[in-house]
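> Can you read through this structure? Questions will come right after.
The values are calculated or read from the model by the stated rules, or taken from the named source; none is laboratory data. As the structure is a prediction and not an experimental result, all values here were calculated from the model. Positions of Cβ are backbone-derived with ideal geometry, glycine not excepted, and every protein chain shown enters the neighbour counts. These accessible areas exclude ligands, DNA and RNA; they are computed on the full protein's heavy atoms, side chains included. Shrake-Rupley method; radii C 1.70, N 1.55, O 1.52, S 1.80 Å.
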Amino acid sequence: MKTKGIYFLFRILQAVGLPLLLLYFLYRAVRNRSYWQTLPQRFGFLPRSFRQTGPGAIWLHAVSVGEVVACVELVSRLRVALPHTRIFLSVSTLAGRATAEQKIGALADGIFFAPVDYVFAVRRVLRALQPSVVVVAETEIWPNLFREVKRTGAGLTLVNGRISDRAFPRYRPLRWFFEAVLPQADSVLAQTQELRARFLALGAPAERTRVSGNFKYDFEARPAAAESPVVQLIERLKPSGVWIAASTMPPAEAGDPDEDDVVIAAFQQLLQRHPGLLLILVPRKPERFDAAAQKLTAAGLAYVRRSQMDGSGAPQALLLDTIGELSGLFSVANVVFMGGTLPHRGGHNILEPAFFAKPVITGPHMENFQAIANEFRAADAVVEIASGSELAAAVQRMLASPAEARATGERALACAQARGGATSRALEEIQALHGRFLPHYRPAMPWYAVARALSWVWVAGGRRRFDSALRGQKKIDAPVISVGNLTMGGTGKTPCVLRLAELFKERGRKPAILTRGYKRASPEKYLALAPGAASSALQTGDEPQIFIRSGLAPVGIGADRYRTAMLLRGEFDVDLILMDDAFQHVRVARDVDIVLVDALNGFGGGEVFPVGRLREPMAALARADIFVITRAEIPDLIPAIEGVLRGANPKAPIFHAHVEPQAWVDQATGQSFDVSQRPFQAAAAFCAVGNPQSFRRTLLKLGVEPVSWTEFEDHHRYKPAELRRIAAQALTCGAQSLVTTQKDAVNLCDDAEHLFGSVPVYWLKVGMRIDREDDFVYEIMQRLI
């Protein structure tokens, strides 16, 4: 109750403060017009391409430049460890976004501005990304974000955690607030033992808060490329030395110096003894670039802005007014001054220049990096000055004594390399959470309330039908294997039934396939057709037509499965019945219940229709005899899915199955082509299947990037006008052919080849491969005995 009360109070304060927040955004947007473009994302409106159809993504939040740079190696390793998982990165600042685009753009699936910590905005982002794990870097403790993440059932971890010397005294009186927020996290990985103690003092659970080290010790030093304009400028000028003044800051308190002024004054002094010295001035914030340029002009220095370099002139100073280049340029420096250390700003990271073995000069204020500063001081690996008046002498000392500068830099490198491993520990934690949590994302209000009520009606009706069918259950005089699922939509039942028919035929059995024939238009209530019998999808339904065309087994089609099964037994010599899509249809007794779970979205949002896509509650999984996780080759969610299955049904064995493309088939001629030698170039795709994203991923895996994509409802029967429109759209997009699924191919209307005109159509024939197939068949046979 205390936690609920604190969150209620927080929301009231947020409601009162919303007008002030809007005014602040207006102020920022007036000062910087590019800020306008960030506002939709800050209120939770992400690009459509970010929207996920199922859980499993990772959302990493890194507030600004420093956090982004620190997380580059983590994202790189996540990409390798979880290759099928989508990774999204959020930032809070314009500079952070620019750095993220440059450093992580090629690794992340999307970069966006983090939502304001209002419930409506946070929920909108969570529903779009559907993350299994949310990772927060360093000190971003947002109450609503933390709570809403855990409400979805996702994992939450705070990595590279730190609370600065400046922030901790402000946070301590608010312990009553933080102790309601921090326990929401599944883990807090602090940089040092001292920082762990600070998190504990604010209410973090001791058993979930541990020391894992600092990401910045895992920085990989990558020198600026030879083709970099800055490197080329240095090659052309051949200066006697290069001094980088990095991340300079303005005053924070009365009496503080402006570091740009201090650096420029020191540089003017140094020029008297080192006329060939080149200064690279790097203000911390982009909004200070123009002011720094004015200061350089007022000082009478010849300078060039990095954004305006044209390869000419002989500047004395370079104003680095771009984002993301600094870390690589440390490689060309002779000496580095780290800004944010003369005024009361708490300092900036000195590890990056240290990894290049460069001597680093700092002022007295390194409170934000106290542990690092203490280690460097103890090892004599940093040059400290008490005030700006000492800066010129400190730089002169390093320039005049290359041996001392080199030794200082080598000691700095040794300190930096001594404490690696934090990134690996964070990676292990994220992987563990990803394998443990499978969240559920509910629709937005007010639809959620309506859908929730309707789902109760659905469950009650389903229970009545189930109980009635169970009371009237009938036994067929042959073994029955049911293949079904818990969710609406495609999970691979058709290829699974076909593979079962193949496996049992190989073992000398005579299987038949029993199916309902959804959406068929035939006057016969019950059909029993021989393998390969002449028929149409209109007569049989689309999936039964695939069974018939396979030629593997007789096919029985009818809503009354018992009567249809008896018809099959009477007309064909069969000794095994494979019932398609029958987990909920219990009027026919079965010997084995095989339940398929789609690895892309195994549990349909965890809610019964219409809130989610479950046909019945999750408790129904207890009825299953065997589980098969289909499309297991696509996501990294298998451990989490298995955890859910084990919780619902500890005894049923679990197998993995994979979609296996077998051939491209020309719809007009029936000619087959090997999947590795596809008979087309640019292609447009269309489909009407239960899980269209599975088809899309299969195409991408085969190297087919559709130039256009058209979806219809599952089991859709195509009309002539639709086929003409699909062909016209394909030609408009530059496609030379159309690709679709076998199920869609059987649903095409008559004369489809003529309606498509000059655009050839190919459908992808797929099969199913089940890992440990001998064990799979053994488990089935054990239940048939």
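> Considering every pair of different Cα atoms, what Kirkwood radius, in Å, is found for region 238-297? Walk me through the numbers before you get to the answer.
On the way: mean 1/r = 0.0817 Å⁻¹.
For region 238-297, inverting the mean 1/r across all distinct Cα pairs yields 12.2 Å.
> Tell me the Kirkwood radius of region 397-498: reciprocal of the mean inverse pair distance over distinct alpha-carbon atoms, in Å. Could you put the intermediate results ahead of the total?
Values: mean 1/r = 0.0457 Å⁻¹.
After inverting the mean inverse Cα-Cα distance, the result is 21.9 Å.
> Extension gain residue 13-residue 781, at 0.36 nm per residue separation less the Cα-Cα distance, in nm?
Extending this stretch completely gives an extra 270.1 nm.
> Calculate, for region 44-86, the solvent-accessible area per residue in square angstrom, rolling a 1.4 angstrom probe over the heavy atoms of the protein chains.
Values: 1590 Å² over 43 residues.
The answer is 37 Å² per residue.
> Leaving ligands, DNA and RNA out of it, rank 170, 696, 288 by accessible area with a 1.4 Å probe, largest first.
Working: 170 145, 696 70, 288 30 Å².
Greatest to least solvent exposure: 170, 696, 288.
> Take region 26-99, compute every pairwise Cα distance, and split them into 10 Å bins from 0; I just need the percent in each bin.
All Cα pairs considered, the percentages come to 17, 42, 32, 9, 1.
> Now for a different question. Treat region 1-140 as a sphere of radius equal to its Kirkwood radius over Cα pairs and apply Stokes-Einstein at 37 °C in a medium of 0.692 mPa s; give the translational diffusion coefficient in µm²/s, rounded to a whole number. Spell out each step's value before the answer.
On the way: Rh = 16.0 Å.
Answer from the Stokes-Einstein relation: 205 µm²/s.
> Then there's this: In terms of modelled amide H atoms, which long-range or inter-chain residues lie less than 5 Å from the amide H of residue 441?
The list, which skips near neighbours in sequence, is empty: none.
> Using just the helices of the chain, give the 222 nm mean residue ellipticity in deg cm²/dmol: DSSP H runs with n ≥ 4 each add -39,500 (n - 2.57), and the total is spread over all residues, rounded to 500. Display every interim value, and only then the final one.
On the way: 29 runs with 312 residues, N = 785.
Estimated from H runs of four or more residues: -12000 deg cm²/dmol.
> How many percent of the accessible area of region 497-607 is carbon or sulfur, using a 1.4 Å probe?
Within region 497-607, the accessible surface is 47 percent carbon and sulfur.
> Additional query: What are the lysines whose alpha-carbon lies under 20 Å from the alpha-carbon of residue 150, with same-chain residues fewer than 8 places away excluded?
2, 4
> Just to be sure I understand the curve: with the Debye formula and one point per C-alpha of region 286-394, what is log10 I(q)/I(0) at q = 0.22 Å⁻¹?
Evaluating at q = 0.22 Å⁻¹ gives log10 I(q)/I(0) of -1.34.
> Something else about it: Please give me the summed charge of the neighbours of residue 157: other residues whose Cβ is under 13 Å from its Cβ, Lys and Arg +1, Asp and Glu -1. Present the calculation step by step, with values, prior to reporting the outcome.
Values: positive: 150, 208, 210, 425, 436; negative: 138, 140, 186, 428, 429.
The answer is 0.
> A follow-up question, please. Suppose every Lys and Arg Cβ carries +1 and every Asp and Glu Cβ carries -1, with no other charges. What dipole size does the chain come out with about its Cα centre, to the nearest 20 debye?
On the way: 92 positive and 77 negative charges, 446 e Å.
Dipole about the Cα centre, nearest 20: 2140 debye.
> Beyond 21 Å, what share of the Cα-Cα pairs of region 642-724 is found? Please give it as a whole percent. Walk me through the numbers before you get to the answer.
Values: 1659 of 3403 pairs.
Roughly 49 percent, once rounded to a whole number.
> Once you compute Rg and the Kirkwood Rh from C-alpha atoms, what is the Rg to Rh ratio for region 233-359? Numbers along the way, then the final one.
Details: Rg = 13.8 Å, Rh = 14.8 Å.
Expressed as Rg/Rh, it is 0.93.
> Using the reciprocal of the averaged 1/r over all distinct C-alpha pairs, how large is the Kirkwood radius of region 489-571 in Å?
12.7
> Would you list which lysines come within 27 Å of residue 238, measuring only between C-alpha atoms, while excluding same-chain residues fewer than 8 positions from it?
295, 358
> Along Cα→Cβ, 7 Å out, is where each label goes; now give me the distance between the ones at residue 474 and residue 120 in nm to one decimal.
Between residue 474 and residue 120, the label points sit 5.7 nm apart.
> Under the definition of Cα pairs under 8 Å and six or more residues apart, what whole-number percent is the relative contact order of the chain? Working shown, then result.
On the way: 1575 pairs, mean separation 74.2, N = 785.
Relative contact order comes out at 9 percent.
> Can you compute the equivalent ellipsoid semi-axes for the chain, i.e. the square root of 5 times each eigenvalue of the Cα gyration tensor, sorted largest first and rounded to whole Å?
Values: eigenvalues 775, 176, 108 Å².
In descending order the semi-axes read 62, 30, 23 Å.
> For an R0 of 45 angstrom, estimate the FRET efficiency from the Cβ-Cβ distance between residue 506 and residue 436 and round to the nearest 0.05. Numbers along the way, then the final one.
On the way: r = 39 Å, r/R0 = 0.86.
In this case the efficiency is close to 0.70.
> Quick check: Cα centre of region 513-574 to Cα centre of region 380-406, how many Å?
First find each Cα centre; the distance between them is then 87 Å.
> When the Debye formula is applied to the Cα atoms of region 541-645, each taken as the same point scatterer, what base-10 log of I(q)/I(0) results at q = 0.11, 0.14 Å⁻¹?
Log10 of I(q)/I(0), two decimals: -0.45, -0.71.
> Could you work out the percent of alpha carbon pairs in region 158-203 separated by over 17 Å, rounded to a whole number? Mind showing how you got there, number by number?
Working: 259 of 1035 pairs.
The calculated P(r) of region 158-203 puts 25 percent of pairs beyond 17 Å.
> What FRET efficiency would be calculated for the residue pair residue 424, residue 646, taking the C-beta separation as r and a Förster radius of 30 Å, to the nearest 0.05? Please report the intermediate quantities before stating the final value.
Values: r = 28 Å, r/R0 = 0.94.
E(calc), rounded to 0.05, equals 0.60.
> If you don't mind, there's one more thing I want to ask. Over the C-alpha atoms of region 725-785, what are the Rg and the largest Cα-to-Cα span, Dmax, in Å?
Reported Rg and Dmax, both Å: 19.6, 59.
> Sticking with this structure for a sec: When every alpha-carbon pair in region 369-419 is counted, what percent end up more than 16 Å apart?
Working: 576 of 1275 pairs.
The share of Cα pairs beyond 16 Å in region 369-419 comes to 45 percent.
> Can you give the local net charge around residue 86? Use residues other than it whose beta-carbon is closer than 13 angstrom to its beta-carbon, Lys and Arg +1, Asp and Glu -1.
On the way: positive: 51, 79, 697; negative: 109, 636.
Once positives and negatives cancel, what remains is +1.
> Please report the equivalent ellipsoid semi-axes of region 336-425, computed as sqrt(5 x eigenvalue) of the Cα gyration tensor, largest first, in whole Å.
Numbers: eigenvalues 87, 59, 16 Å².
Working through the eigenvalues yields semi-axes of 21, 17, 9 Å.
> Also, quick follow-up: What are the aspartates and glutamates whose alpha-carbon lies under 19 Å from the alpha-carbon of residue 103, with same-chain residues fewer than 8 places away excluded?
Leaving aside aspartates and glutamates fewer than 8 places away in the same chain, those within reach of residue 103 are 67, 73, 138, 218, 220, 227, 321, 325, 352.
> Right, another one. Under the definition of Cα pairs under 8 Å and six or more residues apart, what whole-number percent is the relative contact order of region 676-785?
Numbers: 143 pairs, mean separation 31.4, N = 110.
Across region 676-785, relative contact order equals 29 percent.
> Order of 317-326, 228-237 by packing, highest average Cβ count within 10 Å first?
On the way: 317-326: 20.4, 228-237: 16.2.
Ranking the peptides 317-326, 228-237 by packing returns 317-326, 228-237.
> May I pose another question? Would you give the gap between the C-alpha center of region 203-234 and the C-alpha center of region 84-118, rounded to a whole Å?
Each part reduced to its Cα centre gives a spacing of 16 Å.
> log10 I(q)/I(0), Debye, Cα-only region 210-273, no solvent, q = 0.20 Å⁻¹?
Per q value, in the given order, log10 I(q)/I(0) is -1.00.
> How big is the Cα convex hull of region 623-679 in projection, averaged over all directions, in nm²?
On the way: hull surface 23.5 nm².
Projected over every direction and averaged, the Cα hull of region 623-679 covers 5.9 nm².
> Give, in nm to one decimal, the length gained when the segment between residue 386 and residue 731 is fully stretched (0.36 nm per residue of separation minus the Cα-Cα distance).
On the way: separation 345, 0.36 × 345 = 124.20 nm, distance 7.09 nm.
Full extension of this stretch gives 117.1 nm more.
> Give the relative contact order (percent, whole number) for region 270-334; include only Cα pairs under 8 Å separated by 6+ residues. List each step's numbers first, then the result.
Details: 65 pairs, mean separation 23.3, N = 65.
Here the relative contact order equals 36 percent.
> Please report the net charge: other residues with Cβ closer than 15 Å to the Cβ of residue 313, K and R +1, D and E -1.
Numbers: positive: 236, 238, 305, 306; negative: 235, 310.
Neighbourhood net charge equals +2.
> For region 601-660 and region 688-754, compute the distance between their C-alpha centroids and round to whole Å.
One Cα centre to the other: 28 Å.
> On a full-extension model of 0.36 nm per residue, what is the gain between residue 29 and residue 672, subtracting their alpha-carbon distance, rounded to one decimal in nm? Each step should come with its number before you reach the end.
Details: separation 643, 0.36 × 643 = 231.48 nm, distance 5.88 nm.
Result: 225.6 nm gained on full extension.
> Any idea what the dipole of region 317-466 comes to, in debye rounded to 20, about its Cα centre with Lys/Arg Cβ at +1 and Asp/Glu Cβ at -1?
Magnitude of the dipole: close to 1400 debye.
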